[in-house]
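Each remark here refers to the structure printed beneath this line.
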Amino acid sequence: MPIIKSDSFSGGSSGSSSSGGYRHKSPFLALILSFFIPGLGQVYNGQILKGIGYFILTVILAFLSVITLGLLFIVYFIWWIWNIYDAYHTAVKINGGY
């Protein structure tokens, strides 16, 4: 029975390049993942420790925002936007963009 590699089913649309290890990353998917769960876009991009750190920092900022009755909400909001931007921008860089 022949062994079939999973890449052979892709028809070239899996994002693999001829170099073998490269995988296309969807900037939009990274953005959406980070929108809903901060740090998940970074994990999707292969930056696992960074993603975990972003998630932990987001939880801490959210907690502090509640404790201070919203005084730190603007800091939380800026961090959340940065997390989304970072996930998107990193996916673009991985794909060879700017």
Anything in the stretch 33-66 that is hydroxyl-bearing (Ser, Thr, Tyr) and under 11 Å from the mean Cα position of the chain (by Cα)? List them, or say none.
Ser34, Tyr44, Tyr54
Does the stretch 43-98 hold any residues that are in contact (Cβ under 8 Å) with a residue 24 or more places away in the chain and aliphatic (A, V, I, L, M), and which are they?
Ile84, Ala87, Ala91, Val92, Ile94
Which count do you get for residues in the stretch 51-78 that are within 23 Å of Ser26 (Cβ to Cβ) and surrounded by fewer than 18 Cβ atoms within 10 Å (Cβ to Cβ)?
2
Enumeration of residues in the stretch 7-38 that are at pLDDT 95 or above and outside any helix (DSSP H, G or I):
Lys25, Ser26, Ile37, Pro38
Considering the stretch 39-98 alone, what residues qualify as being modelled with pLDDT under 95 and either touching a Cys at 6+ places or on another chain (Cβ under 6 Å) or at positive phi (or both)?
Leu69, Gly70, Gly96
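The values are calculated or read from the model by the stated rules, or taken from the named source; none is laboratory data. What you see is a predicted model; the values in this text were computed from it and never measured. Here Cβ is always computed from backbone atoms with ideal geometry, including for glycine, and neighbour counts include all displayed protein chains.
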